[in-house]
Amino acid sequence: MTGVVTMATWVPQSRTLPTAEQPLRVAEFDALFAERLVGSSRPDRLRLELVLTGGESVEERVRDLVARESGCCSFFHFTLSPGP
């Protein structure tokens, strides 16, 4: 899977994360996906499912990251489902 997302082209104005911090958040997601992403699927056009590896420490990292993202970007909705 390859791709590049430029936040400035799609970030709604309702986002409360300061502009200066946005590249840092993108970098956090980029690093997480580069290190742990092993699969993805798009069940419908408004939903993306990602499969990450790494156990409890990765789960804690993901929970922290999505909690911060949800806190500033109420238009995102995350559901975490820990695997076996």
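Bear in mind that the values in this text are calculations on the coordinates, not laboratory data. Predicted model only: the values in this text are computed from it and were never measured. Cβ coordinates were reconstructed from backbone atoms using ideal geometry, including for glycine residues, and neighbour counts include every protein chain displayed.
Between the amide H of residue 52 and those of 38, distances stay under 5 Å, these residues lying 5 or more places away or on another chain, with hydrogens modeled in the peptide plane.
3J(HN,Hα) along the range 44-61: 8, 5, 10, 9, 10, 10, 10, 10, 10, 10, x, x, 4, 5, 6, 4, 4, 4 Hz, from the Karplus curve 6.51 cos²θ - 1.76 cosθ + 1.60 with θ = phi - 60°, whole Hz, x for Gly and Pro.
Scalar couplings 3J(HN,Hα) for the range 33-39, obtained by applying the Karplus form with A = 6.51, B = -1.76, C = 1.60 to θ = phi - 60°, are 5, 5, 7, 10, 6, 10, x Hz; x denotes Gly and Pro. Hey, quick one: spin label on residue 44, modelled 7 Å out along Cα-Cβ, who in the range 68-84 has an amide N within reach, i.e. under 15 Å? The answer is 77, whose backbone nitrogens lie closer than 15 Å to the label point. Shape class for the range 32-84, computed from the alpha carbon gyration tensor (a ≥ b ≥ c): oblate, with a/c not under 1.5 and a/b at or below b/c.
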